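Just so you know, all these numbers are worked out from the coordinates, no wet-lab data involved. Keep in mind the model is a prediction, meaning the values are calculated, not measured. Every residue, glycine as well, gets a Cβ built from its backbone with ideal geometry; the counts of neighbours run over all protein chains shown.
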Amino acid sequence: MTAELFLVAPPDAEAEAFASALAGILDASPAAALYLPRGTRDEAGYRRFAETVLPVAQKRDCAVLVDNDAPLARSIGADGVHVTLGIGAVKEALRLLKPDMIVGAGDLHSRHDAMLKAEAGVDYVFFGDIEAGKAFPEDIDTAGWWAETFEVPCVLFEAGPDAAGTGAEFAALGPSVFAAGAPK
């Protein structure tokens, strides 16, 4: 099984330049999803960023997930939300968006945390540390265990060659992909 591509935008990318780079990358290599971290943007700036990027990704059949804001996801026509907060925030996002939209869970601190969020009804669990820009060995081990044990798909972030044997359904790549630009 080959993992599908799951992209993670740079947290503070400039909207127009990022949208242009994204178009080139998605034209060269399809991706299943794109997560848009808020970074240091205020609410209005984040909305503008998401609204600029959204049509570029969706036109290329790439689902767009906003950061911890289910009402924003619905209001701008995003495909869903990536929740990095506690179980209460996950349950609220599920209440607001399901069954029509995607709700994923990230910033998981243990196997138990992942299981709680999966049992609540998320569409995927995300292993790896976006702020650190990589998956740690325990993330790789947990993703492998998860893929063997559970039906809820998992995403493994920036694990490099170590990801190949995990069975993770999605391989997440972060800001380094966009820094390199579109493949020639």
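At a glance:
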read-out: Positions within region 1-44 being over 18 Å from the mean Cα position of the chain (by Cα), over 18 Å from Ala171 (Cβ atoms) and hydrophobic (A, V, I, L, M, F, W, C), in sequence order; value: Ala17, Ala44
read-out: Test: residue in region 100-111 that is surrounded by fewer than 19 Cβ atoms within 10 Å (Cβ to Cβ), over 26 Å from Phe136 (Cβ atoms) and not polar (S, T, N, Q); value: yes
read-out: So Ala63, is it surrounded by fewer than 22 Cβ atoms within 10 Å (Cβ to Cβ) and under 12 Å from the mean Cα position of the chain (by Cα); value: yes
read-out: Where Ala168 falls short, out of the listed (1) in a loop (DSSP other than H, G, I, E, B); (2) over 24 Å from Ser29 (Cα atoms); value: (2)
read-out: Boolean, Ala132 is surrounded by 20 or more Cβ atoms within 10 Å (Cβ to Cβ), closer than 17 Å to Arg38 by Cα and either among the small types (Gly, Ala, Ser) or touching a residue at least 12 places away in the same chain (Cβ under 8 Å) (or both); value: no
read-out: All positions within region 132-150 that are closer than 17 Å to Met115 by Cβ and not β-branched (Val, Ile, Thr); value: Glu138, Asp139, Asp141, Ala143, Gly144, Trp145, Trp146, Ala147, Glu148, Phe150
read-out: Checking Arg95 against (1) part of a strand (DSSP E or B); (2) more than 16 Å from the chain's Cα centre (by Cα), the condition it does not meet; value: (1)
read-out: Identity of the residue in region 66-92, β-branched (Val, Ile, Thr) and under 13 Å from the mean Cα position of the chain (by Cα), that ends up surrounded by the fewest Cβ atoms within 10 Å (Cβ to Cβ); value: Thr84
read-out: Pair list, Cβ < 7 Å and 6+ apart or interchain, from region 151-171 residues that are farther than 19 Å from Met115 by Cβ to residues that are charged (D, E, K, R) and outside any loop (DSSP other than H, G, I, E, B); value: Glu158/Lys134
read-out: Checklist (1) out of contact with any helix residue (DSSP H, G or I) (no Cβ under 8 Å at 6 or more places or on another chain); (2) closer than 27 Å to Leu96 by Cβ applied to Val122, failing item; value: (1)
read-out: Test: residue in region 106-123 that is closer than 25 Å to Ala23 by Cβ and acidic (Asp, Glu); value: no
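For every residue, the table says whether it meets (1) at negative phi; (2) not hydrophobic (A, V, I, L, M, F, W, C).
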{"site": "Pro11", "(1), (2)": "yes, yes"}
{"site": "Ala17", "(1), (2)": "yes, no"}
{"site": "Ser20", "(1), (2)": "yes, yes"}
{"site": "Ile25", "(1), (2)": "yes, no"}
{"site": "Tyr35", "(1), (2)": "yes, yes"}
{"site": "Asn68", "(1), (2)": "no, yes"}
